[in-house]
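Heads up: the structure comes next, in structure tokens.
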Amino acid sequence: MRVEFFCPRWGSEDIEWDLFLSQVKEAGYSGIEWFPNGENVDPAVVIQLLDKYNLKYAIVMTVIEKFSGFRQYLKDLKIQLSALAETGKGILSPLFISAQVGREFFNFEEIDLCLECCRQISSNSGIPIYQETHRNKWPYAVHILPRVLKRNADILLTLDISHWFCVSESYLEDQQEAVDVAINRSRHVHARIGHTQGSQVADPALPEYHEALSAHLKVWDRWISSRKKENVEVCTITPEFGPPPYLTILNNTINVHQQQWKLNFWMKDLLQNRYNS
């Protein structure tokens, strides 16, 4: 089994696409993770450039309108997710969509309706849609997961456990059964190092963040082991350290983009050596 790494477009929106993708290719990524609704660009142009550089892509999405009630939210989710699932159709389709769905205050019936919407769009388009574990969305904390997934046996995840560590103010030592449920349903990982007081450390290489780094690696190791047991040929990971306000500016000698790029490259290099050596 090999692990392929995807570079986030998040934080690089001001960089011209051809230059960005050339840097991604040179850095050894297999592709990018991209929110087409997050910037003013013709997706067809990006698809052509991805093809030029022989890069794959995944889409990450959230409903962009301000929440104004569940009925309108569900309508917006269907419209936007359906359109994103058509990106690159017949030329170069996304490998999958990581969808940040719902809100943390949705009840179980509302969550089920959102998941049914995702299920139908995935079935119609042929594009896998994974539920991203994220603060402010329905999978905002690990304890909510087992009950929802028991009711929705086909739903799969993009696992970003940094959010859960922050929400619970712990490394989930006392919720390992629920973590195992998440690991077994996860098909993609967002590799950002969070801690018990925030979803992104300043620099995972610093010794003061050793405990946080170790907590994430333990979960990812279990995920990789579970995928190997399933005889999966390829796993995908996006190192996903974000720009401000996620990013803590530590070095005024480099710009914000360079600092973010350095963090994600460090994360990729660490996991490349850990899982592909």
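Read the figures in this text as sums done on the coordinates, not as results from a lab. Remember, predicted model here, so these are calculated numbers, not experimental data. For neighbour counting, all protein chains shown are included, and Cβ atoms are generated from backbone atoms with ideal geometry for every residue, glycine included.
Given a 10 angstrom Cα cut-off, can you work out which residue in ALA202, ALA153, ALA58 is the most mobile in a GNM of the chain?
The residue that fluctuates most here is ALA153.
Each label point is 7 Å from the Cα along the Cα-to-Cβ direction; what then is the distance between the points at LYS228 and HIS210, in nm?
In this crude spin-label approximation the distance works out to 2.5 nm.
For region 15-54 and region 200-277, compute the distance between their C-alpha centroids and round to whole Å.
About 21 Å separates the Cα centre of region 15-54 from the one of region 200-277.
Would you mind getting me the FRET efficiency between LYS262 and ASP112? Use the beta-carbon distance for r and R0 = 45 Å, nearest 0.05.
My answer for the efficiency is 0.60.
Once amide H atoms are placed 1.01 Å from N in the peptide plane, what residues at a sequence separation of 5 or more from ILE129, or on another chain, have their amide H within under 5 Å of its amide H?
ILE97
Which value, in Å³ per residue, describes the convex hull spanned by the Cα atoms of region 2-275?
Cα convex hull per residue, to the nearest whole number: 134 Å³.
So what's the convex hull volume per residue for the Cα atoms of region 92-140, in Å³?
Convex hull of Cα atoms, per residue: 56 Å³.
Specify which residue in the list PRO146, LEU213, ALA99 is farthest towards the positive end of the charge dipole of the chain, using unit charges on the beta carbon of Lys, Arg (+1) and Asp, Glu (-1), about the Cα centre.
Going by the charge dipole, the pick is PRO146.
With unit charges on the beta carbons (Lys and Arg positive, Asp and Glu negative) and the dipole taken about the Cα centre of the chain, which residue among ILE121, GLN197, TRP261 sits farthest to the positive side?
Selected residue: ILE121.
Inverting the mean 1/r over all pairs of different Cα atoms, compute the Kirkwood radius of region 1-147 and quote it in Å.
Hydrodynamic radius (Kirkwood, Cα pairs) of region 1-147 is 16.3 Å.
Within region 10-27, whose backbone N sits under 18 Å from a point 7 Å along Cα→Cβ of ASP269?
23-27
List the chymotrypsin sites (Phe, Trp or Tyr not before Pro) within region 6-111 that DSSP assigns to loop and that have no more than 13 neighbouring Cβ atoms inside 10 Å.
Qualifying residues, ordered by number: PHE67, PHE105.
Please report, in debye to the nearest 20, how large the charge dipole of region 114-241 is about its Cα centre when each Lys and Arg carries +1 at its beta carbon and each Asp and Glu carries -1 there.
Dipole magnitude for region 114-241 comes out near 520 debye.
Return the long-range amide H neighbours of THR236 (sequence gap of 5 or more, or a different chain), with a cut-off of under 5 Å between placed amide H atoms.
Amide H to amide H, under 5 Å and 5 or more residues apart or across chains, THR236 pairs with GLU4, VAL189.
Report the calculated FRET efficiency for ASP154 and ARG71 (r = Cβ-Cβ distance, R0 = 25 Å), to the nearest 0.05.
Working from the Cβ atoms, E equals 0.50.
Can you pull out the trypsin sites (Lys or Arg not before Pro) in region 1-90 that DSSP calls coil and that have at most 13 other Cβ atoms within 10 Å?
Answer by residue number: LYS66, LYS89.
Using 1/(1 + (r/R0)^6) with R0 = 30 angstrom and r between the beta carbons of LYS78 and GLU177, what's the FRET efficiency to the nearest 0.05?
Efficiency at R0 = 30 Å is approximately 0.35.
Determine the calculated [θ] at 222 nm for the chain from helices alone, applying -39500 (n - 2.57) to every DSSP H run no shorter than 4 residues and normalising by the residue count; nearest 500 deg cm²/dmol.
Calculated mean residue ellipticity at 222 nm is -13500 deg cm²/dmol.
Please work out how much length the chain gains when fully extended from SER123 to GLU169, using 0.36 nm per residue of separation minus the C-alpha to C-alpha distance, in nm with one decimal.
12.9 nm
In debye, nearest 20, what is the charge dipole magnitude of the chain about its Cα centre with +1 on Lys and Arg Cβ and -1 on Asp and Glu Cβ, if you could check?
It works out to roughly 580 debye.
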